[in-house]
Structure formats: structure tokens, C-alpha cells
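For reference, the structure is listed below as C-alpha cells.
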Amino acid sequence: MALGDQIQIGPLTRMIVGQELIMAAGQPDVCNVIVHRTGELLVVVDTGATSVVRDAIRSIADDLRPWSKVLLLTTHAHIDHVANNDLIHELGAGLDPADVQHYVSAHDAAQYPASVGYWVTSMSRVSGLAPGFDDPEAAARRLLGLFEPVVAVTDVTRTYEELPLEHLTIGTQHLSGWSFADGAVQVIRSHGHCAGHVVVYLRDAGLLHLSDEPNGPCGALHDASQLNIFAIAAQALTLVETGAVESVTVGHEFTVYDRPAAAARLTRLLEHASAMDGLAQRLLTDEVDDMSAFARDFIAGCQEIGVSGANPNPMFFTMMATSKLRELGMIVNGQGAQQTWRRPRLMD
């Protein structure tokens, strides 16, 4: 599949295919985009990046007419998901302003629309450990520069948290979040891949879009929650196994998973999460004095397990190594190649 290709999920639902990150070639990663119509409402889940994806969104929006309302849902504010957000003005041209809406989580404010500081915080953890990241700020600016121009915030952007929180029910699963179009569109709080991450369920299509929650069995960035990644994957697996969800899509895997394939994919993710935890435990002593050696052994172990992710490169795997230590309750001292980790002292 090539950037901008379309996959039809149902009569009124399509996925626009993204692309992988290749920094050396100046190629930005671009998320998959979901475009869906329910009744008179056009729903766009993330806008990705590049003019190719913009054109694809426009094309599908025209194909799915008639609609008189537009709803843009941002699953999280990482730049590869929001670079085309200003397109909502074009889609909403001529409509009643009250019928053109865009939502993003308030918990992503620290990184939105393209905060260098957010990325420096995560990249500082691998400075001196992963090649090309000795200067975290330069690396962050290099990464963000792949996506220019970016207009992520618009005058219709609001936060999900401004809406009353709802008790959502999908099949046998009880979740929390927000619903639109009389429940045809449900936004579920997941907060795993990053602080404000949400996933989207499109009832009419039987589709659960997990966006970047399955990027890897362990979150890479500093505001990731390993517990929440595991929890949403387990909930999604139950929805698939019980038939409440017919298909699953994710942010950076360029396919639509039917129920058997989705069950296998999510089961593998959960198994890898447990295996990765066991790997870290085996490598640990009471202290990690040489983070470079730990990261090297951790990455080698992950490769033996078969762990993969949306960006299977040394930077992200090294970030996962530091995230795993933090999840295990280890305490860090210092940064980059000089960082050391120790277990907490439970007794004086």
C-alpha cells in the first residue's frame, strides 16, 4: 500500500493509508486516517500529514455526500496525527458554524500543536544511548521539521473534557468517554500511548480504531502509561472475541483487521507485554549502572521475542527500555548515557 491509498471498510467508511517514518530519508511517519458518515454527519478521525492525505480526505468527503455536519476527532496530539487539522475549515465551508466541531484531549496540551519541549523531554532519555540523539533539541526540531507546514489548532478546536463524561457500553464492556450522533460515534478514554490518547468506536461500521495504542507492548514516550496500554488492548480483545466489534484498525499498520486477525494481533500484543516485562526482570539487578549495556541487551531480547512496533528503530526501543524501568518502579538519577537506575529503598 502507498501513502494516500484508500481501503473501503464499509459502504460509508474508509481508511486512508499512512506511511512509516524514515528520518534519514526525510520521510515523516503519517498515521492512517478514518473517514466515515453516519446520517448527516461526516466523521474524520485524525488528519495525518502531507498534501497527499489532504487530497484523499477531500476526495472521500465528496464521495460520502450528502452530509451537513462535520466532526473531527483527534485521537492524540502527536504531530503525525494533526498536521492537516486546518482542513476542517474547508470541509465546513458554507455549513452552520455550530455543525463544524473538532475535539482533542486537554491532557495533550503539553504537546499541542507541535511543542519542541514535549519531544525534547522524551529524547533526552535516549541522548547518548541511541545514535543521532546526542542533542535532544536538535533531534526534536529535525523530527518536527519533517511535517511542516502544520496548522493543528483551529478556531473550532475544543477539548473532550469540556463535555460531560459518559458511561459507555459496547457489548459487555463498560467504558468511559463521550458519544456523538446519538451513540453512533463513541470516543473512549485510553490514555496509554500518551497522556490524552483516546480510541474511537464507529457503531454503524462495527469498527474500533485503536490509533496508536497498539504501537508496541510498552509505551516509548515519557507520558505513556504501560498499565493503560495493556488495559485498552485487553478490553479491545474482549470486544473482538465477543463479536461486539467486527473490525479493528490502528494508527500505523496499513491494514484492516477482521475479527480473527484482530484477536490474533491483540493477543500477541498482550503476550509480548508480559514477555517484555519478564525480559527486563531477568536483566535487572538492584541497580542499573550502565544504561547503554542494559538498553543493548533489552533491544536484543525484544528482537528474540519478536516484539515490533510502529517505528522499530533504536530510538523507540531505547525509549521503551527506560519506560519499562520506570514501570517496574526503578528510580532514575541523571539523564541520557549518564543515567542510572535503582530499586526504591523500602526500609532504612
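The values are calculated or read from the model by the stated rules, or taken from the named source; none is laboratory data. Just so we're clear, the structure is a prediction, and the values are computed from it rather than from any experiment. Cβ atoms come from the backbone with ideal geometry, glycine included; neighbour counts cover every protein chain shown.
Okay, here's what the table says:
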item: Tally, over the range 183-216, of residues that are within 12 Å of the chain's Cα centre (by Cα) and not charged (D, E, K, R); result: 17
item: Near pairs, Cβ below 7 angstrom, 6+ apart or cross-chain, from the range 327-347 (under 19 Å from Ser124 (Cα atoms)) to any residue that is assigned to a helix (DSSP H, G or I) and of a type in the set (S, T, N, Q); result: Glu327/Gln226; Gln335/Ser124; Gly336/Ser124; Ala337/Ser292
item: Tally of residues being touching a Leu at 6+ places or on another chain (Cβ under 7 Å), among the hydrophobic types (A, V, I, L, M, F, W, C) and within 25 Å of Leu144 (Cβ to Cβ) across the range 3-21; result: 1
item: Which numbered condition Ala300 fails, given (1) without any contact (Cβ under 8 Å) to a residue 24 or more places away in the chain; (2) surrounded by 23 or more Cβ atoms within 10 Å (Cβ to Cβ); result: (2)
item: Count of residues meeting criterion [buried (at least 20 other Cβ atoms within 10 Å of the Cβ), small (Gly, Ala, Ser), in contact (Cβ under 8 Å) with a residue 60 or more places away in the chain and closer than 25 Å to Val82 by Cα] in the range 122-151; result: 1
item: Long-range neighbours under 8 Å by Cβ, at least six apart or interchain, first residue more than 13 Å from Ala233 (Cβ to Cβ) within the range 257-273, second among the aliphatic types (A, V, I, L, M) and in a helix (DSSP H, G or I); result: Arg259/Val240
item: Which numbered condition Val307 misses (of (1) part of a helix (DSSP H, G or I); (2) touching a His at 6+ places or on another chain (Cβ under 7 Å)); result: (1)
item: Hits in the range 315-325 (condition: within 16 Å of Met123 (Cβ to Cβ) and touching a strand residue (DSSP E or B) at 6+ places or on another chain (Cβ under 9 Å)); result: Thr322
item: Residues located in the range 258-305, provided they are out of contact with any Leu (no Cβ under 7 Å at 6 or more places or on another chain) and either on the phi > 0 side of the Ramachandran plot or of a type in the set (Gly, Ala, Ser) (or both); result: Ala261, Ala262, Ala264, Ala273, Ser274, Ala275, Gly278, Ala293, Ala300
item: Counted residues, the range 11-48 - those being more than 17 Å from the chain's Cα centre (by Cα), of a type outside the set (Val, Ile, Thr) and surrounded by 15 or more Cβ atoms within 10 Å (Cβ to Cβ); result: 7
item: Odd one out for Leu270, checked against (1) closer than 30 Å to Gly171 by Cβ; (2) buried (at least 20 other Cβ atoms within 10 Å of the Cβ); result: (2)
item: Meets criteria (farther than 30 Å from Asp5 by Cα, touching an Asp or Glu at 6+ places or on another chain (Cβ under 6 Å) and surrounded by fewer than 23 Cβ atoms within 10 Å (Cβ to Cβ)) for Leu283; result: yes
item: Within the range 229-252, considering residues that are surrounded by fewer than 19 Cβ atoms within 10 Å (Cβ to Cβ), more than 15 Å from Val200 (Cα to Cα) and touching a residue at least 24 places away in the same chain (Cβ under 8 Å), the one nearest to the chain's Cα centre (by Cα); result: Ala231
item: Members of the range 115-149 found to be within 13 Å of Phe316 (Cα to Cα) and among the hydroxyl-bearing types (Ser, Thr, Tyr), listed by number; result: Ser122, Ser124, Ser127
item: The range 72-88 residues that are closer than 13 Å to Ser51 by Cα, paired with ones that are basic (Lys, Arg) and at pLDDT 95 or above (beta carbon under 6 Å, 6 or more apart); result: Asn84/Arg54; Leu87/Arg54
item: His193 vs. criteria modelled with pLDDT of 95 or more, crowded, with 24+ Cβ neighbours inside 10 Å and under 22 Å from Leu42 (Cα atoms); result: no
item: Residues that are touching a residue at least 12 places away in the same chain (Cβ under 8 Å), over 24 Å from Glu137 (Cα atoms), small (Gly, Ala, Ser) and not in a loop (DSSP other than H, G, I, E, B), drawn from the range 89-117; result: Ala106
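For (1) among the β-branched types (Val, Ile, Thr); (2) more than 21 Å from Ile79 (Cα to Cα), each residue gets a yes or a no:
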{"site": "Ile188", "(1), (2)": "yes, no"}
{"site": "Tyr201", "(1), (2)": "no, yes"}
{"site": "His222", "(1), (2)": "no, no"}
{"site": "Thr249", "(1), (2)": "yes, no"}
{"site": "Phe254", "(1), (2)": "no, no"}
{"site": "Arg265", "(1), (2)": "no, yes"}
